[in-house]
Amino acid sequence: MIRKPQVGEYNEFYATYISKIEGDNMMKLLREQLTGFSSFLSAISEETSEYAYAPGKWSIKGVLAHINDVERIFAYRALCIARGEKTPLPGMDENEYQAASPYKIRTFSSLTDEFVAIRTATLYLFEDMPESDTLKVGTASGHPVSVRALAAMIYGHCEHHRGIIQNRYL
């Protein structure tokens, strides 16, 4: 079981994401989110996915592409740290990633399928990980972070953006 991280295991920037976590079993939450978020996305039409609530804001489709990118990055960081990587891992600029992403020419349903595939891979990564590996700490974006904090950030980041979609787009 991967437990919720303690303060100090992640950069304070991510506290908003960690605050979305209720309970102490990250694997259960990540599994439930796979089903719940997929269902939530399936209710959004291709046409609605193109909507942005204000000029300069990403469309729903863009938000989902961002969620997919970030989950891949956080999972990669978790893999590296769990395997003992000592080299600091780079940060990312979400706006540069969006500008370089081909999400605008993709369908929303393909991005939803991609979310399911990425989350399934994430679950396999964490499924049998020894607790000792989840407690390992490395450096990402210039700050210490534990593997279990990265699992929590994956969950919390998705919940954060789900709330934004729910409240500002739909």
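Is it the case that Tyr155 is crowded, with 20+ Cβ neighbours inside 10 Å, of a type in the set (Ser, Thr, Tyr) and touching a helix residue (DSSP H, G or I) at 6+ places or on another chain (Cβ under 8 Å)? For Tyr155, the condition - crowded, with 20+ Cβ neighbours inside 10 Å, of a type in the set (Ser, Thr, Tyr) and touching a helix residue (DSSP H, G or I) at 6+ places or on another chain (Cβ under 8 Å) - is met. Ile118 meets each of the listed conditions (1) touching a Phe, Trp or Tyr at 6+ places or on another chain (Cβ under 8 Å); (2) under 16 Å from Phe37 (Cβ atoms) apart from (1). The listed residues are Glu71, Glu96, and the only one of them that is modelled with pLDDT of 95 or more, acidic (Asp, Glu), out of contact with any Phe, Trp or Tyr (no Cβ under 6 Å at 6 or more places or on another chain) and over 17 Å from His157 (Cβ atoms) turns out to be Glu96. For Leu64, are the conditions met, namely being assigned to a helix (DSSP H, G or I), aliphatic (A, V, I, L, M) and under 25 Å from Gly142 (Cβ atoms)? Criteria not met by Leu64.
Reported count of residues in region 1-40, each being touching a residue at least 60 places away in the same chain (Cβ under 8 Å), among the aliphatic types (A, V, I, L, M) and farther than 12 Å from Ala151 by Cα, is 1.
Is it the case that Ala75 is touching a residue at least 40 places away in the same chain (Cβ under 8 Å) and small (Gly, Ala, Ser)? Answer is yes for this residue.
The values are calculated or read from the model by the stated rules, or taken from the named source; none is laboratory data. The structure displayed is predicted, hence computed values, not measured ones. All Cβ positions, even for glycine, are placed from backbone atoms using ideal geometry, and neighbour counts span all protein chains on display.
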